[in-house]
Amino acid sequence: METRVIGVDPLEDCRAVYREAAAVLADGGLVAIPTETVYGLGADAFNTEAVADVFAVKERPSFDPLICHLPSARALRDIVEIPAGLQPLVDALAREFWPGPMTLVLPRKACVPDIVTSGLPTVACRVPSHEVMRGVARALGHPIAAPSANRFGHISPTSASAVLTELGGKIPLVLDAGACSEGLESTILQPCLDEKGKPAVRLLREGPVTREKLRKICRVLKPGKKTSSDPEASVPGSGAGENGQEEAPTAPGMLKSHYAPSKPLMLHNPREAFQPEPGVRYGLITYQGDSELAAQDCWTEVMPLSPGSGRLSEAAVRLFAVMRAMDESPSVDVIIAEELPLQGLGCAMMDRLTRAAAKRGETW
Ligand code: AMP
Ligand code: MG
């Protein structure tokens, strides 16, 4: 299949492009669409065959539910049933972080197909701040189910060219609006009430909306923490299942191995001296580029995430592109990643690097 690429500049009038992309989606086709986090592989969320194609094209297992992208917070009530006790919390989160890189997991309405939620009673929803994803969703008139536009387990694409590397020839259309402004997948939250009946969120995936920002609104709980407000079964990541064994993870966003380059990637442990093996060419992903580690002469390539300035937001925007560049570099066999500060966006980046370093198929 030929993959068409249409350039789109959200500062101009893009309605014709939005209509064209919406027509492909309405016809059951898939479109790669930019968001502020990463490029998504979009399908009409109400078209089960199109959603099945998303899983097929990505080779994504069917137990990994998709996020529905909405044009506005008002559209939320079309697909979810918010428990009365959680309404004020959902309103507060939406006011503070939407449109933006926050996904809320809420009880779904019957109109949301099983295939979107992998059969879960909840659906993940987001109102992106990127004008292009919102514009296409508005033109389609349905939510757009969109995981990242990469093959399953690979590095998420933060540019149209990365989408083409991943899925070129497999999808009919890519909208190209340049690089993503956040560069990391959304923060995923499940609103709930804690054991005292106070509003809280379970942090299911770290992302651009950091714990520090969330704590200004409510308590932040670990993924597996059970509370009284979620009687309808699913508490994602709740650990031990029957027989005391690890439960299958509710979703590979929570699998240990994910976001992985094809070359081995290892996290550098600052408490141990790095011991290069003879004959192996090592590339270093470093934070600012001026550390003692970066100054060692054992690297065939050194790629800083935030050269000189050491800004976590810049590092986040560049993380996946740098991982991809290391993966494609002909002079690197093994990628070593320096640890990042465990604060703010550093937590989400370390989450991605830790999963990228895990062996394929490995679970927690
Ligand atoms: P992505 O792969 O970036 O599209 O993110 C999808 C991720 O959202 C999944 O891997 C899950 O971690 C999470 N997710 C989606 N739907 C649900 C749900 N109903 N309950 C819990 N997590 C969900
Ligand atoms: Mg993904």
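Bear in mind that the values in this text are calculations on the coordinates, not laboratory data. Since the structure is predicted, the reported quantities are computational estimates derived from the model, not experimental observations. All Cβ positions, even for glycine, are placed from backbone atoms using ideal geometry, and neighbour counts span all protein chains on display.
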From phi via Karplus (6.51, -1.76, 1.60), per-residue ³J(HN,Hα) for the stretch 169-177 in Hz, x at Gly/Pro: x, 10, 9, x, 8, 10, 8, 10, 10
The stretch 290-364: translational diffusion in µm²/s, Stokes-Einstein, Kirkwood Rh over Cα pairs, 20 °C, 1.002 mPa s: 159 µm²/s
Amide proton proximity set for V302, modelled H, under 5 Å, gap of 5+: L284
Per-q log10 I(q)/I(0), the stretch 54-113, q = 0.13, 0.28, 0.29, 0.30 Å⁻¹ (Debye; single scatterer per alpha-carbon; no solvent): -0.42, -1.29, -1.34, -1.38
Hydrodynamic radius of the stretch 135-183 per Kirkwood, over alpha carbon pairs, in Å: 12.0 Å
Nonlocal amide H pairs with R108, under 5 Å, H built at 1.01 Å: E81, T122, V123
Reach of K216 by Cα under 20 Å, taken over aspartates and glutamates that are not fewer than 8 positions away in the same chain: D91, E96, D194, E195, E206
Geometric extent, Cα atoms of the stretch 93-184 - Rg, Dmax (angstrom): 14.4, 40
Distant-in-sequence amide H partners of R205 (H built 1.01 Å from N, under 5 Å): I188
Fraction of alpha-carbon pairs over 29 Å apart in the chain - percent: 40 percent
Cut-off 17 Å (backbone N to label point 7 Å along Cα→Cβ of E328), residues of the stretch 31-52: 39
For q = 0.11 Å⁻¹, Debye-computed log10 I/I(0) when each Cα of the stretch 3-156 counts as one equal scatterer: -0.39
Per-residue HN-Hα couplings for the stretch 40-47 [Karplus 6.51, -1.76, 1.60; θ = phi - 60°; Hz; x = Gly/Pro]: x, 9, x, 9, 4, 5, 8, 9
Cβ crowding within 10 Å averaged over residues, with 10-17, 208-215 ranked highest first: 208-215, 10-17
Flagged links, alpha-carbon separation over 18 Å, of K198/K222; K196/K226; K109/K198; K58/K263; K109/K196: K109/K198; K58/K263; K109/K196
Mean Kyte hydropathy of 1.0 or more with a Cα span along the axis of at least 27 Å, helices from DSSP in the chain: none
Alpha-carbon gyration tensor eigenvalues x 5, square-rooted, for the stretch 122-161, Å: 21, 14, 9
